[in-house]
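The values are calculated or read from the model by the stated rules, or taken from the named source; none is laboratory data. Note that this is a predicted model, so its numbers are computed, not measured. Using ideal geometry, Cβ is built from the backbone for each residue, glycine included, and neighbour counts are taken over all protein chains shown.
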Amino acid sequence: MPPPSTVQTPAAPPGDFDYESAVEACARGERFALKALYERESRWLLAVAMRIVRDRDLAHDVLQEAFLQIWQKAGSYQRALGSGRGWVYTVVRHRALDEVRRQRPEDAMGDDFETLAERVLYNQAAQDAHTETDHDDEALQFCLAQLDDPKRQCVVDAFIEGYTHEQIALRRGKPVGTVKSWIRRGLLALKECLT
């Protein structure tokens, strides 16, 4: 598996598309903007959802629900916090991860860890959108690089790739308890490094 900074979402077709303006147009209730976002990104967003939920029908449901959330919550998007494309990918990832957690609630980590994981996800979505990293993103990448490989890989597997603890344990050939411990310790180390 590539290091966290190189995990990529497939690139959209070349061309100029103003994601930020499209999301802001959704916030104003302009349906054409949502349609344009869907036509532009749905293929790649479906792949993101599939990678996380591992079921084609469920991934389609996740994508539909995510676009409903994009429409309803577009007003919460702020350009200063990241790219429009990164925000859209984050919505889809969160919806897919929520679905996995709904099906397997024992994999939930708790509010403090979810907040940190959300930051990791948002950072990854910004990288996927090929945006320039700001100081906070550079700090997060630095802190991720400081983790030993098992902890870093488990955090990436859980919060970027969307694997459950059991799936990570199978991939790594380790007991589930060890994987949970590595994830928890990795997130604690990230939290400490970032404060």
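Cβ-Cβ contacts under 7 Å between residues 6 or more apart (or on different chains), taken from a first residue in region 23-37 that is within 10 Å of Ala74 (Cα to Cα) to a second residue that is crowded, with 16+ Cβ neighbours inside 10 Å and of a type in the set (Gly, Ala, Ser), are listed as Val23/Ala74; Val23/Gly84; Ala25/Ala33; Cys26/Ala33; Cys26/Ala74; Ala27/Ala74.
Just the residues that are of a type in the set (S, T, N, Q) and modelled with pLDDT of 90 or more, please, taken from region 41-95. Ser42, Gln64, Gln69, Gln72, Ser76 - these are the residues of region 41-95 that are of a type in the set (S, T, N, Q) and modelled with pLDDT of 90 or more.
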